[in-house]
Structures are given as structure tokens and as C-alpha cells.
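S.K.: Structure incoming, see below.
The values are calculated or read from the model by the stated rules, or taken from the named source; none is laboratory data. Values in this document were obtained by computation on a predicted structure and should not be read as measured data. As a convention, Cβ positions derive from the backbone with ideal geometry for all residues, glycine included, and neighbour counts pool all protein chains shown.
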Amino acid sequence: MVHEDIFYKPLKGETSGLPHDPFKSFAIPRPIGWISTTSQAGKDNLAPFSQFTNVSFDPPTILFVGHQDLFKNRSRDTVMNCIETNEFVWNMATYDLREEVNLTGKETYEDEFEEFGIKKTPSILVRPPRVADSPVSFECRVHSIVRVSNEFHGKKTAGPHMVGNSDIVIGRVLGIHIKGEYITGDGVSYDNT
């Protein structure tokens, strides 16, 4: 059965009428940015972000997006730590680590490494630790943080997902860790991830 075409204006509060928001499914595949940070007080944080990508290859630069909770009107702990310390680590989220990645997506006020038994290992150039079992990690220094308001022409545009402002955290990659088991004669193999 062929359906009719759909057009809708999300900034006007319109939806597609479909059971799930199709906007999120168009940018695929969408790798997870599993980001570790450390607060100024020294508490480690680990959280997954479904909006992550590289920005530039030279110099190596990546970004992830943290959405504010509309009701709490504050940035996520990961973003707050990036604002305070200017450092974060991207850790490759693999199929074998899917349970741990999922657990760290829950809101908690504890160190996710300790709370969920995720092994951490020190970074070399930045304070936040790396996920020890992740095959690849990028140590990053914050380049800039861009706030994307949920207002459009002076009106709040929060739709059914109740997301507040979004913070785009852009980071320069200072150092790259690759586990030896993923290195081949031709470069890097992702078959093991």
C-alpha cells in the first residue's frame, strides 16, 4: 500500500501524524558519542549522546549535542562539565558495550563508571578518564559551545519531545587511543567492534 506524501511544519507545532517522529530517523547511521567528563570537584561522568559527528579532519574536530531538560531549564552534567573544565573524552560505543552505554543514559547523580561497574583508565592529555573497554577514544579540548535556542521568532518551539535549548559542544581532538587488537596491516579494522 502506498501512502500519501506528508508535509508538516514542526516549528508551528505540527507533527507528521506518524507514531514516531521521523525527523530523528533521517540522519542515519547515527553513531553514539559516549562522552566522559570530570567536574571541577573531581566527579567523573559518562553519558551517551545520539547526536555526534566529526566536524573537520585537519585539525581533527568533533561535536556532540546535549539537549537541556525543558522543565529543569539547565544543561546536562556533561555539558556543564565541559563549560567548567574545557575537556572531554569521546569513547567508541560498540555492540559489545551496548548494555553499559544504555545504563549510562539514565539520569543519575553518581559517577556512572562506579555506579554501573564500567572500567575506566586514565587519559594522557586531559583529566576525564577513558572507558577502558572501548576500542577507540579521543581526548578533546573544548573549542567552542554553541547554544541553539528553542525559540524561533521569539516563540518557544518545544514540541512533543519537551526539549529545551540545545548545546553543541565542539572539541579539538588532542590525542587518539586505538587498541592494538583493532590495528591491521592496512590500518584499522572495525570487524571486532
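S.K.: Just to be sure I understand, how many residues within the range 1-15 are among the small types (Gly, Ala, Ser) and modelled with pLDDT of 80 or more?
M.R.: Result for the range 1-15: 0.
S.K.: Any residue in the range 128-143 that is without any contact (Cβ under 8 Å) to a residue 40 or more places away in the chain sitting within a Cβ distance under 8 Å of a residue that is surrounded by fewer than 22 Cβ atoms within 10 Å (Cβ to Cβ) and in a strand (DSSP E or B)? List the pairs, counting only those 6 or more apart or interchain.
M.R.: Filtered contacts from the range 128-143: Ala132/Lys120; Ala132/Thr121.
S.K.: I want to confirm something. Restricting to the range 98-113 and keeping residues that are closer than 22 Å to Ile176 by Cα and in contact (Cβ under 8 Å) with a residue 60 or more places away in the chain, which single residue is surrounded by the most Cβ atoms within 10 Å (Cβ to Cβ)?
M.R.: Val101
S.K.: Are any residues in the range 112-123 more than 22 Å from Pro31 (Cα to Cα) and either in a helix (DSSP H, G or I) or of a type in the set (D, E, K, R) (or both), and if so, which ones?
M.R.: Glu114, Glu115 - these are the residues of the range 112-123 that are more than 22 Å from Pro31 (Cα to Cα) and either in a helix (DSSP H, G or I) or of a type in the set (D, E, K, R) (or both).
S.K.: Hey, Ser75 hits all of (1) modelled with pLDDT under 95; (2) under 10 Å from the mean Cα position of the chain (by Cα); (3) of a type outside the set (Phe, Trp, Tyr); (4) crowded, with 20+ Cβ neighbours inside 10 Å but one; which does it fall short on?
M.R.: Ser75 satisfies all of (1) modelled with pLDDT under 95; (2) under 10 Å from the mean Cα position of the chain (by Cα); (3) of a type outside the set (Phe, Trp, Tyr); (4) crowded, with 20+ Cβ neighbours inside 10 Å except (2).
S.K.: Another question, then. Output the number of residues of the range 28-72 satisfying the condition of being acidic (Asp, Glu) and either touching a Lys or Arg at 6+ places or on another chain (Cβ under 7 Å) or at pLDDT 85 or above (or both).
M.R.: Residues that pass the stated criteria total 2.
S.K.: Tell me which residues, restricted to the range 1-42, are acidic (Asp, Glu) and either more than 30 Å from Met92 (Cα to Cα) or loosely packed, with under 10 Cβ neighbours inside 10 Å (or both).
M.R.: Answer for the range 1-42, where residues must be acidic (Asp, Glu) and either more than 30 Å from Met92 (Cα to Cα) or loosely packed, with under 10 Cβ neighbours inside 10 Å (or both): Glu4, Asp5, Glu14.
S.K.: Quick one: would you say Lys106 is within 14 Å of the chain's Cα centre (by Cα) and among the basic types (Lys, Arg)?
M.R.: yes
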